[in-house]
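Data block below; observations after.
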Amino acid sequence: MSARQSLVAGNWKLNGSRASATALAKEVADGAAALSCDVLVCPGFAHLADVQATLADSTVALGAQNCSVEPSGAFTGEVAAPMIAEFGAQYIIVGHSERRALFGESSALVAQKAKAVQQADMQPIVCVGETLEQREAGQLQAVLDEQLDAVIDQLGIAGLAHSVIAYEPVWAIGTGKSATSAQAQEVHAMIRAKLAALDSEVAAGLRILYGGSVKPDNAKELFSQPDIDGGLIGGAALDAKSFLAICAAAS
Ligand code: PEP
């Protein structure tokens with residue numbers, strides 16, 4: 001039995017209106033009261049205030065999907081981690097594969113964002129994962145090393161105690177083609193072993209989430225693996241019943 005408390009996080013991406021985000025948050029908050037896992041929702045920036053108000057007095061935590069590396073200054077269009085913290089947010093996702101692929105975020109930049117999140121007293125959820133081409137070329141370990149080493153360099157291994165890792169194989173995100181529980185467990189164990197070589201206590205306490213086409217019908221099998229401590233959920237997080245069923249599988 002793992003001593004790690006499971007976490008299920010919903011990444012709402014660029015979706016919804018103020019009204020629909022509020023309605024989704026309300027349904028999740030109502031359903032989460034009976035759950036024993038940690039539940040987190042990450043709406044778009046423009047919906048943080050509405051969702052914060054809706055989640056007040058609930059057990060559901062609030063997070064964001066990205067932030068600037070800068071705390072303030074002349075950086076037009078950026079959103080700083082301390083601004084997000086003002087909404088009572090506890091987590092910020094950094095390094096999602098869509099940020100890396102579509103917005104050119106390097107592992108060094110992602111690591112700086114993780115640091116900025118911690119400096120604002122929140123936990124980064126650092127996303128790592130390989131493309132299908134990288135997996136087929138036998139580069140999985142090298143990709144993970146490059147992505148994780150940047151974070152270790154920036155936070156120090158002790159800093160990882162105040163963070164969450166999400167393993168999200170790029171080929172499984174939004175494709176309906178989840179990694180099998182065995183494939184996911186193998187990579188989670190690789191990540192934990194790499195960190196354990198630096199600090200076994202930090203590695204043992206670190207939550208490593210799986211993300212990539214998690215649905216109510218595959219969640220239990222994935223979450224029953226020893227090194228999978230919950231999930232980062234995209235598409236299924238936009239439907240409260242599906243999201244709550246996934247949370248129940250982690251509870
Ligand atoms: C994601 O984007 O982080 C994700 C896991 O998406 P989906 O669940 O839709 O595959």
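Readers should treat all values here as calculations from the given coordinates under stated rules, not as data from a laboratory. For clarity, every value in this text was computed on a predicted model and none was experimentally measured. Cβ sites come from the backbone with ideal geometry, for glycine too, and all protein chains shown count toward neighbours.
Give the lysines whose C-alpha is closer than 23 Å to that of residue 177, dropping any in the same chain fewer than 8 places away, or say none. Residue 177 reaches 13, 215, 220, 241.
Rounded, prolate or oblate: which fits region 57-148 when a ≥ b ≥ c are the square roots of the eigenvalues of the alpha-carbon gyration tensor, with rounded for a/c under 1.5 and prolate only if a/b beats b/c?
Working: a/c = 2.53, a/b = 1.72, b/c = 1.48.
Prolate is the answer for region 57-148, as a/c is 1.5 or above and a/b outweighs b/c.
With the convex hull of its Cα atoms as the shape, region 146-251 has an orientation-averaged projected area of 6.6 nm². Bridgeable aspartates and glutamates around residue 115 (alpha carbons under 12 Å apart, same-chain partners fewer than 8 residues away excluded): 70, 153. Residue 26: which aspartates and glutamates have alpha carbons under 15 Å from its alpha carbon, excluding same-chain residues fewer than 8 sequence positions away? Partners found: 50, 57, 239. Distance from the C-alpha centroid of region 216-251 to that of region 35-81: 21 Å, rounded to the whole angstrom.
Considering helices alone, the calculated mean residue ellipticity of the chain at 222 nm is -13500 deg cm²/dmol, with DSSP H runs of length four and up weighted by -39500 (n - 2.57) and normalised per residue. Among 211-224, 68-81, the peptide with the highest mean count of other Cβ atoms within 10 Å heads the list, and the full ranking is 211-224, 68-81.
Under 5 Å from the amide H of residue 10 lie the amide H atoms of 40, 41, 42, 233, each residue being 5 or more positions distant or on a separate chain, with H modelled from the backbone and absent for Pro and chain starts.
Net charge near residue 153, counting Lys/Arg +1 and Asp/Glu -1 over other residues with Cβ under 15 Å of its Cβ? Neighbour charge sum, excluding residue 153 itself: -1. Indicate the gyration tensor shape class of region 104-204 (rounded, prolate or oblate), computed on the Cα atoms with a ≥ b ≥ c the square roots of the eigenvalues: a/c under 1.5 is rounded; otherwise a/b larger than b/c is prolate and the rest oblate. In terms of gyration-tensor shape, prolate.
Across region 95-102, computed HN-Hα scalar couplings (Karplus, 6.51 cos²θ - 1.76 cosθ + 1.60, θ = phi - 60°) run x, 3, 4, 5, 5, 5, 7, 8 Hz from first to last residue, x flagging Gly and Pro.
How large is the convex hull of the C-alpha atoms of the chain per residue, in Å³?
Convex hull volume per residue, Cα atoms: 116 Å³.
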